[in-house]
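For reference, the structure is listed below as structure tokens.
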Amino acid sequence: MSSGFKPSNASLPNFQCPRGSFDNLVIVLVGRGSKKKEFQVHRGLLSYNSFKFQHVLKNGVKDDIELFAKDPTVFETVLYWMYTARFWASKTSKDGEIPLKFLHILRVYFFAAENGMVNLQNAAMTLIYQKTADRIYSKTLPTSPLRRFLIDFVADAWSLDFEATQGSVLPNRFLIDVLVSLRELKKAPGMGTNKARWVAEMNKGFCGKYHDHEL
């Protein structure tokens with residue numbers, strides 16, 4: 001079952017690092033033991049992309065960063081994104097699939113959140129959203145409760161912004177379903193609702209609405 005989805009690679013529009021980003025190199029040590037890897041990154045690029053690294057490099061006495069508790073494969077993705085504003089090389093994706101696993105994307109998101117990398121965090125969030133929509137629509141039927149839940153959540157709670165979420169690369173059927181749901185709710189895209197109230201209301205009738213009771 002195909003969703004007609006094409007991965008966007010979550011690039012940033014008009015991506016351009018400021019002048020001075022590609023200055024002196026900094027050594028970043030990631031991981032422990034046999035998995036430990038050494039990376040060389042431009043100091044200005046790290047400072048531009050991360051509030052935390054900017055602070056460390058500005059106030060530290062050493063020109064290296066130690067990330068022993070982190071996964072080197074995650075940092076490789078972060079590093080590639082910092083230099084290219086993309087998560088993977090163009091030829092890596094096959095059959096319209098995002099070539100990164102959910103857990104890996106989540107770890108990239110967590111890394112970005114921990115280190116004050118707002119642009120990377122937003123790009124990872126977009127990628128999670130796109131991969132979720134594509135996976136559900138490629139593996140379920142139109143009557144699927146899981147598909148219904150995704151539609152309801154996005155339409156009623158997410159404040160869907162088609163431009164910000166790169167709607168042109170989401171499954172067409174999903175976008176149509178969300179628009180239909182918004183029309184039924186009499187809401188414009190981007191309005192959203194109070195998340196706590198939405199969860200409380202969902203808890204009341206969740207089983208009856210989203211569980212399959214047919215034997």
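The values are calculated or read from the model by the stated rules, or taken from the named source; none is laboratory data. Because the structure is predicted, anything quoted here is derived from the model rather than measured. Cβ: placed from backbone, ideal geometry, glycine included. Neighbour counts: every protein chain shown.
Restricting attention to the range 167-202 and to residues that are farther than 23 Å from T143 by Cα and assigned to a helix (DSSP H, G or I), the residue that is modelled with the highest pLDDT turns out to be A200.
For (1) at pLDDT below 95; (2) among the charged types (D, E, K, R), each residue gets a yes or a no:
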| position | (1), (2) |
| --- | --- |
| F15 | yes, no |
| S21 | yes, no |
| L57 | yes, no |
| K70 | no, yes |
| S90 | yes, no |
| K94 | yes, yes |
| E97 | yes, yes |
| F102 | yes, no |
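Scanning the range 37-76 for residues that are hydrophobic (A, V, I, L, M, F, W, C) and in contact (Cβ under 8 Å) with a residue 60 or more places away in the chain yields F51, F53. Checking H55, H42 one by one, the residue that is of a type outside the set (K, R), crowded, with 17+ Cβ neighbours inside 10 Å and assigned by TED's automatic domain parsing to the domain that holds L120 is H42 and no other. Counting only helices (runs of 4 or more DSSP H) wholly contained in the range 96-160, the ones carrying 1 or more residues that are polar (S, T, N, Q) and closer than 30 Å to H55 by Cβ occupy 118-139.
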